[in-house]
Structures are given as structure tokens and as C-alpha cells.
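Quick notes on the structure that follows.
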Amino acid sequence: MTDSILKKLNLKSGPSGRAIAQPMDQSLVEMLYQHLTLERKASAQYFAISIWFAERDLNGFSGFFKQESFDEHEHANNFAKYLVARGQTVVLQDLTAPKQSWDSIEDVIAEAFQMEADVTTSIHQIYSVAERTGDTRTNVFLDPIIEGQTQSEDNLANILSRVKFANNQPSAILIIDGEVQPN
Ligand SMILES: [Fe+2]
């Protein structure tokens, strides 16, 4: 829609020039940019983890984290689409190189779990700013995402427990590797 039509109809437009029903608080937009970056970082980190397992012929773990990497990319895409839907432009920030070396499988899974917990914390922070600024649409958008985070954390906590039980015994690790399934 052109600017003049929007003006004629007395509609507001956002930074991208699209019609918007409700402007967004700038601090909320900034937090969404940062969160989108966090999802892209998580995608890159899971990709690195998938490669680490492939190098060790643990194909079950590798496939699981490859899928996790795709899922995180999809999450980043959801945040981008949401910003577009709200008439915002999307700013893609710099990414640092992911970590590629670990001492043990347990360390890898523990870090993956911590990364999911950090993503959830970021969503909680956005949630409270959305509430404070009366942006109910953002709260509704985030609700199913928070549910998904709880499932991801549960899944990784379960894998972490089993890896701990295995106590680095190759036969036990191979059994877990055969059972770990991409979501
Ligand atoms: Fe995610």
C-alpha cells in the first residue's frame, strides 16, 4: 500500500512502510532483534555440535543436533516473520564463530542444555517487556514458543541424564547414540 493511500485511510505505517494496527515499543523491537540473533547463534552452535559428533562416528547424536540446528533456524525465521507482520524491518546482527571443541559428550550436552535455558530466559525477558508496554500480540506470539522451550529443555535434560549414567563407557554411549532421535 502506498503512503498516500495509508494517509487517506488514516492508517499508521511502520518502519517498513506496511500498514500497522499497533506501533511497537522500540525497546521491545531491539529485544526481538537480539533474540533473533540468539536463535541464529543456537542454530550455528548446534550445527557445530552435529559436526563434532559426525567426526566421532556417533551418527545418532549428529543427526539429532543437525535437526536441532534446522529447528533453531526455523525459530529465527518465525521471529523475522513476526517482525514483518508487525510492520517492522528486520536487522540481522553479526554472529561469532560457534565453539567446536569439548572434553566429553557430557560437556557438549550440558552446554546445549544451558543454551536452551538461556534462550528461554531471553524469551521471558521479552515477555515481561511486552506485558509492561501493553503489547498483547507479542505475549500471544511467545506463548507457544515458551511451551516449545520447556519441551526442548526436558529432552536435553533426559539425554544428559542418560549420558551421565553411561559414564563414558563406549558400549553404553553407542546404545544412547542408537536411540537418540531427531524430533
Ligand atoms: Fe529456538
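The values are calculated or read from the model by the stated rules, or taken from the named source; none is laboratory data. Quick caveat, the model's predicted, so the values are computed rather than measured. So basically every Cβ, Gly included, is an ideal-geometry build from the backbone, and we count neighbours across all protein chains shown. Each accessible area value is taken on the protein alone, full model and side chains, heavy atoms only, with ligands, DNA and RNA left out. Shrake-Rupley method; radii C 1.70, N 1.55, O 1.52, S 1.80 Å.
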Checked pairs for segment 9-35, first β-branched (Val, Ile, Thr), second surrounded by 15 or more Cβ atoms within 10 Å (Cβ to Cβ), C-beta under 8 Å and 6 or more apart or across chains, list as ILE20/SER13; ILE20/GLY14; ILE20/ARG86; ILE20/GLY87; VAL29/LEU83; VAL29/GLN88
Just one listed residue, out of ILE145, ILE126, is of a type in the set (Val, Ile, Thr), within 16 Å of the ligand (Cβ to nearest atom), in contact (Cβ under 8 Å) with a residue 24 or more places away in the chain and closer than 15 Å to GLU30 by Cα, and it is ILE126
Scanning segment 65-88 residue by residue, those over 30 Å from ASP177 (Cα atoms) and open to solvent by 60 Å² or more (accessible area, probe 1.4 Å) turn out to be LYS81, VAL84, ALA85
Within segment 114-132, the residues that are crowded, with 18+ Cβ neighbours inside 10 Å and either in contact with a strand residue (DSSP E or B) (Cβ under 6 Å, 6 or more places away or on another chain) or under 19 Å from ARG162 (Cβ atoms) (or both) are MET115, GLU116
Picked from segment 151-160 (must be more than 15 Å from PHE61 (Cβ to Cβ) and away from the ligand (no atom under 12 Å from the Cβ)), the residue most open to solvent (accessible area, probe 1.4 Å) is ASP154
When (1) open to solvent by 60 Å² or more (accessible area, probe 1.4 Å); (2) out of contact with any strand residue (DSSP E or B) (no Cβ under 9 Å at 6 or more places or on another chain); (3) without any contact (Cβ under 8 Å) to a residue 24 or more places away in the chain are applied to ALA54, the one that fails is (1)
### Query
Going by the conditions given, is PHE65 over 26 Å from ASP135 (Cα atoms), within 16 Å of the ligand (Cβ to nearest atom) and in contact with a Phe, Trp or Tyr (Cβ under 7 Å, 6 or more places away or on another chain)?
yes
key: Meets criteria (under 15 Å from LEU36 (Cβ atoms) and either more than 16 Å from the ligand (Cβ to nearest atom) or over 15 Å from the mean Cα position of the chain (by Cα) (or both)) for VAL91   = yes
